[in-house]
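Right, one structure below, let's go through it.
The values are calculated or read from the model by the stated rules, or taken from the named source; none is laboratory data. Predicted model only: the values in this text are computed from it and were never measured. Cβ atoms come from the backbone with ideal geometry, glycine included; neighbour counts cover every protein chain shown.
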Amino acid sequence: MNRKVSKAIFPVAGLGTRFLPATKSVPKEIMTLVDRPLIQYAIDEARAAGIEDFIFVTSRGKSALEDYFDLAPDLEAALERSGKTELLEILRNTNMDSGTIAYLRQHKALGLGHAVSCARKLIGDEPFAVILPDDVIAAEKSCLQQMVEAYQETGGAMVATMEVSSAQTSSYGVLDVATENGRIVSAKGMVEKPAQGTAPSNLAVIGRYILTPQVLSNFDTIGRGAGGEIQLTDAIAAEIDAGRDVFGYRFDGQRYDCGSKAGFLQATVAFALARDELRDEFAAFLNEMHATKQAAQ
Ligand code: UTP
């Protein structure tokens with residue numbers, strides 16, 4: 001099969017309950033790290049990996065997300081008139097060409113697997129990426145780009161993986177490892193949210209995938225899985241059961257779980273400290289906070 005990966009699915013139809021009440025009216029993916037919404041980080045990562053077609057699986061109440069990618073001619077004209085060229089550049093970098101984004105609806109939040117399967121007709125017969133925007137990954141070379149390069153060698157299905165503590169495995173899809181070769185892990189099984197103490201390894205699957213259309217066909221036969229949801233992990237695990245290759249890729253980079261409050265706050269601090277214009281003032285503030293807390297103890 002052709003190994004060029006030019007389409008990516010962004011499942012953004014979840015309810016985002018962990019950020020209520022904010023997500024009552026603001027989609028989680030529009031929430032900002034410093035000054036950029038989560039979705040912008042995901043789009044930039046996909047572009048860096050050579051993605052040309054962007055498929056968003058959305059739901060009720062996500063119109064702010066669709067608006068975000070529209071052109072803003074009035075704003076651009078105002079910035080141009082006032083000579084704010086740097087801001088103009090930042091704004092223009094968010095523009096997406098007409099015809100490159102498709103939005104489709106998941107009518108009911110039946111799970112991540114179901115959301116991905118909604119895009120089946122748009123995928124056709126080629127490999128595709130899946131990016132969960134609430135996993136933000138700071139990396140020198142974008143995580144998806146690293147995976148696309150590895151995928152050129154391996155084919156099969158590929159998931160991003162990282163070590164987590166034994167206490168955390170029950171929150172993730174977890175790989176059962178057959179063999180390891182550098183960053184590439186060959187999987188002989190995969191289980192979603194294993195009960196405490198039953199995980200086959202500490203290698204958790206996080207929100208980047210390169211999949212084949214065959215994985216989408218597997219949704220015809222799998223039912224609801226962990227938590228009563230239709231799970232992407234189960235459709236990928238079905239590949240292993242059918243004797244086809246599934247690989248984990250130990251990416252190089254720092255992943256932040258921006259679907260959780262603690263992860264979102266950690267990412268905010270890390271991305272703020274990475275910005276030249278903020279670093280000194282923000283680091284001084286953090287040091288002061290730390291010192292005040294220690295003094296109080
Ligand atoms: P999460 O498990 O983080 O769920 O979904 P959530 O609804 O976004 O957030 P919480 O747990 O209620 O706070 C992981 C990814 O899968 C998408 C989400 O939008 C997110 O990108 N998803 C999940 C769907 O698109 N549809 C679903 O039915 C479930």
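Name the pairs: first residue in the stretch 158-181 and closer than 17 Å to Arg244 by Cα and in contact (Cβ under 8 Å) with a residue 40 or more places away in the chain, second residue polar (S, T, N, Q) and not in a strand (DSSP E or B), Cβ to Cβ under 7 Å, at least 6 apart or on different chains?
Close Cβ pairs (under 7 Å, with a partner that is polar (S, T, N, Q) and not in a strand (DSSP E or B)) amount to Leu175/Ser201; Val177/Ser201.
Conditions: (1) buried (at least 16 other Cβ atoms within 10 Å of the Cβ); (2) touching a Ser or Thr at 6+ places or on another chain (Cβ under 7 Å). Ile39 meets all but one. Number of the miss?
(2)
Only one of (1) assigned to a strand (DSSP E or B); (2) within 23 Å of Met31 (Cβ to Cβ); (3) in contact with a helix residue (DSSP H, G or I) (Cβ under 7 Å, 6 or more places away or on another chain) is not met by Met162, so which one is it?
(3)
Anything in the stretch 113-143 that is crowded, with 20+ Cβ neighbours inside 10 Å, within 15 Å of the ligand (Cβ to nearest atom) and either at positive phi or not in a loop (DSSP other than H, G, I, E, B) (or both)? List them, or say none.
Across the stretch 113-143, the qualifying residues are Gly113, His114, Ala115, Val116, Ser117, Ala129, Val130, Ile131, Asp135, Val136, Ile137.
Does at least one position in the stretch 79-90 carry a residue that is away from the ligand (no atom under 16 Å from the Cβ), among the polar types (S, T, N, Q) and not in a loop (DSSP other than H, G, I, E, B)?
yes
Taking Ala48 as meeting all but one of (1) surrounded by fewer than 19 Cβ atoms within 10 Å (Cβ to Cβ); (2) free of Cβ contacts under 8 Å to residues at least 60 places away in the same chain; (3) at negative phi, write down the number of the exception.
Of (1) surrounded by fewer than 19 Cβ atoms within 10 Å (Cβ to Cβ); (2) free of Cβ contacts under 8 Å to residues at least 60 places away in the same chain; (3) at negative phi, only one is false for Ala48: (2).
Looking only at the stretch 55-65, decide whether some residue is within 16 Å of the ligand (Cβ to nearest atom), outside any helix (DSSP H, G or I) and at positive phi.
Yes, there is a match, as at least one residue in the stretch 55-65 is within 16 Å of the ligand (Cβ to nearest atom), outside any helix (DSSP H, G or I) and at positive phi.
Do the conditions hold for Ala46, that is, is it closer than 25 Å to Asn2 by Cα, assigned to a helix (DSSP H, G or I) and near the ligand (Cβ under 10 Å from one of its atoms)?
It is false that Ala46 is closer than 25 Å to Asn2 by Cα, assigned to a helix (DSSP H, G or I) and near the ligand (Cβ under 10 Å from one of its atoms).
What is the one condition in (1) more than 15 Å from the ligand (Cβ to nearest atom); (2) touching a Cys at 6+ places or on another chain (Cβ under 8 Å) that Glu149 does not satisfy?
Among (1) more than 15 Å from the ligand (Cβ to nearest atom); (2) touching a Cys at 6+ places or on another chain (Cβ under 8 Å), Glu149 violates only (2).
Please list, ordered by first then second residue, the pairs with beta carbon atoms under 8 Å, 6 or more apart or interchain, first in the stretch 89-117 and over 13 Å from Thr58 (Cβ atoms) and modelled with pLDDT of 90 or more, second part of a loop (DSSP other than H, G, I, E, B) and away from the ligand (no atom under 16 Å from the Cβ).
Thr100/Glu52
State the number of residues belonging to the stretch 248-267 that are touching a residue at least 12 places away in the same chain (Cβ under 8 Å), out of contact with any Cys (no Cβ under 9 Å at 6 or more places or on another chain) and aliphatic (A, V, I, L, M).
Final tally of qualifying residues: 0.
Is it the case that Glu126 is in contact with a strand residue (DSSP E or B) (Cβ under 9 Å, 6 or more places away or on another chain) and modelled with pLDDT under 95? Steps first, answer last, please.
Working: in contact with a strand residue (DSSP E or B) (Cβ under 9 Å, 6 or more places away or on another chain): yes; modelled with pLDDT under 95: yes.
For Glu126, the condition - in contact with a strand residue (DSSP E or B) (Cβ under 9 Å, 6 or more places away or on another chain) and modelled with pLDDT under 95 - is met.
Filter the stretch 17-34 for residues that are assigned to a loop (DSSP other than H, G, I, E, B) and over 14 Å from Val57 (Cα atoms) and give the result.
Leu20, Pro21, Ser25, Val26, Met31, Val34
Identify the residue in the stretch 5-39 that is among the hydroxyl-bearing types (Ser, Thr, Tyr) and under 23 Å from Val269 (Cβ atoms) and, among all such residues, is farthest from the ligand (Cβ to nearest atom).
Thr32
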